[in-house]
Amino acid sequence: MNIIVIALLVFGLFFFLAGAIGIMRMPDFYSRLHPAGKLDTLATLAMVMGLAVYNLNQITLGTILISLKMFLIVFFVSLASPTATHTIVDAGMRAGLRHWTKKKQRG
Amino acid sequence: MNVSNNEISNGNESSSPGYLKSFFSFLITFVLMLLCWLVLSGIFEPLILFLAFISCFLVAYFFSDLLFPSLETAYIGIFFRFVQYLPWLVWQIVLANFHVLYVTLHPRMKDLIEPQIITFKTNLKSEMAIVTLANSITLTPGTITVTADSDGVFKVHAIDTASAEGCPGDMLEKVAKIFGETI
Amino acid sequence: MTSFFLYVALGLCLIMVLSIYRVLFGPTTLDRLIGVNAIGSKTVILLLLIGFLYGRVDMFVDIALAYGLLNFVAVIAAARYFHKRKGLYEESFMD
């Protein structure tokens, strides 16, 4: 059981690291949202699932309730993260921010 | 329990449309609220349960038309088809993440990406279908929904050419099948 | 297992420091908002890990849930607030 937990946590940590690197490296605002919106979501899901599995080592009413709350977090994050991403993109569009293209880079 | 109540309401729908519908909408809201309360509080004493009952009753009585504005028979089918859609969506999310991971960690990333904004039109009518498609597009390979309006016109920012070409794809078909709409 | 959780929490803190780069030096306001959003989603996990380290998960899971909700609302409010400020976005391309 502990192996699954460790694998999920390391997986999530790796994706968080890649998301942070992507936020740093990407050339413009719209491209930065791709790693921020996707990698962070999957990493959060994986790590919270791992912690919920670890929490179910002793099965009592209390631990089951705590794991249910963690699944609520998973449900909420998977619903809220695309919405937040979409809101930020919308704000960028309304502010008139152009997106990065290769021609602009050459010229 | 919700589902069985819902089915009973379907049978009586034609004879008594008005208050029975709002009653089952109230009942479903009440049960959902009570479940949320029980999970979040975790205390099962009689006094607390009594308070939970009172407050959930009040909230469901006043706000039942917010959560389910119109209770229709098609919701049961939509719910089950949506549950069947979820595993495919999770698999697509994992694939999308590995794609973005490859692009992000590639040393010559700026040659690999080709950001562009594409527009396409769908015939989706209901708001739920549009919201589901928009969030699914945001979570899957290299695309982010920029705008989605109620006419079904989507603007999508894609990170490279391959993901821009395959954008609506079979996801649109699946979402349209869930909500029983034409593409 | 406890020490492993401690290392994971430390790693999360280091990744947060990487995200702070974007918050401090982001060319536009919305870039800073992306950084804040990324830090917030890591903080939820960090709160859960702190709960396991102190042995009080039952308390910290509520805090994590509330923090996630608050982060979502804060990002939406900030994005709505900033979406009409024109003129901030001329130097948005990173060379």
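The values are calculated or read from the model by the stated rules, or taken from the named source; none is laboratory data. Just so you know, these numbers come straight off a predicted model, no measurement behind them. Positions of Cβ are generated from backbone atoms using ideal geometry, with glycine treated the same way; all protein chains shown enter the neighbour counts. These accessible areas exclude ligands, DNA and RNA; they are computed on the full protein's heavy atoms, side chains included. Shrake-Rupley method; radii C 1.70, N 1.55, O 1.52, S 1.80 Å.
Spin-label model, B:PHE62/B:PHE80: points 7 Å from Cα along the beta carbon direction are separated by 3.7 nm. Compared with the dominant Cα axis of chain A, that is its longest principal axis, helix A:2-25 is turned about 10°. Per the accessible-area calculation with a 1.4 Å probe, the total area buried between chain A and chain C rounds to 4300 Å².
When a/c is below 1.5 the answer is rounded, else prolate if a/b is larger than b/c, else oblate, so apply that to the stretch A:2-100 with a ≥ b ≥ c taken from the square roots of the Cα gyration tensor eigenvalues. Taking the square roots of the gyration eigenvalues as a ≥ b ≥ c, the stretch A:2-100 is oblate.
Spin-label model, B:GLU127 to A:ILE59: label points 7 Å out along the Cα-to-beta-carbon direction sit 4.2 nm apart. Under the convention that each Lys and Arg Cβ holds +1 and each Asp and Glu Cβ holds -1, the size of the dipole of the stretch C:27-84 around its Cα centre is about 220 debye. Between the helical axis of A:40-55 and the longest alpha-carbon principal axis of chain A there is an angle of about 10 degrees. Relative to the longest principal axis of the Cα atoms of chain A, helix A:61-94 runs at roughly 10 degrees. When the P(r) of chain C is calculated, the portion above 18 Å amounts to 56% of the C-alpha pairs. Positive end of the dipole of the stretch C:27-84 (Cβ unit charges, origin at the Cα centre): among C:LEU30, C:GLY40, C:VAL73, the Cα lying farthest that way belongs to C:LEU30. Fully extending the segment from B:TRP91 to B:GLU181 would add 30.0 nm, taking 0.36 nm per residue of separation and subtracting the current Cα-Cα distance.
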